[in-house]
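Here's the structure, in structure tokens; my notes come after.
The values are calculated or read from the model by the stated rules, or taken from the named source; none is laboratory data. A quick note: this is a predicted structure, and the numbers were derived from the prediction, not measured. Note that each Cβ is placed from the backbone with ideal geometry, even for glycine, and that neighbours are counted across all protein chains shown. These accessible areas exclude ligands, DNA and RNA; they are computed on the full protein's heavy atoms, side chains included. Shrake-Rupley method; radii C 1.70, N 1.55, O 1.52, S 1.80 Å.
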Amino acid sequence: MNQLFETPPPVGWFRRRVLQPLLDLLRQGLTPHQLALTAVLGSAFGLVPMLGITSLMSTVVAVRLRLNVAAMLLIAHLWSPVQLLLIIPMMRLGARLWDGRVPALTLNKLQHLFATDWLAALHLLWHALLGGLALWAGASLVLGPALYFALRPVLSRVLRRQAERERVVG
């Protein structure tokens, strides 16, 4: 017998109870522009080469721009493994960028400096941190808009298709 309307396959417990509520929370009332901005800023804040500032920056900016705080924090913290991998290389490059006379940033060098001259160690770390932040800011200013303009049309299409599906089903 040929059915006019096919019934969708049953939805699993994980999708119905965990995944769908999470996706609904993340998309809650956001336009494609806001979703793309949330993804870009969350990614940028998730990669800042300074531990402990990701949550603060994400929350303040999301509240100020009226974006979804939960979505931005989730995106930012999903980048944590990459952030940990990039901190040392960015600080090494930052130390060279900020002050070319500064010796190479290595663990042995820092241990020696903290044991003998802790002010020099703090000076080296300060320059490395400032240079790392400058590199992060430069990369974010270049890659952020590119990611935003790539995501916005994709998210528009996805949200449009989802709205069409909901109209058909509902």
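What the table shows:
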{"read-out": "Sole exception among (1) more than 23 Å from residue 37 (Cα to Cα); (2) in contact (Cβ under 8 Å) with a residue 24 or more places away in the chain for residue 85, by number", "value": "(2)"}
{"read-out": "So residue 157, is it exposed (fewer than 14 other Cβ atoms within 10 Å of the Cβ) and either under 30 Å from the mean Cα position of the chain (by Cα) or under 19 Å from residue 85 (Cβ atoms) (or both)", "value": "yes"}
{"read-out": "Count of the stretch 114-134 residues which are open to solvent by 60 Å² or more (accessible area, probe 1.4 Å) and under 22 Å from residue 41 (Cβ atoms)", "value": "0"}
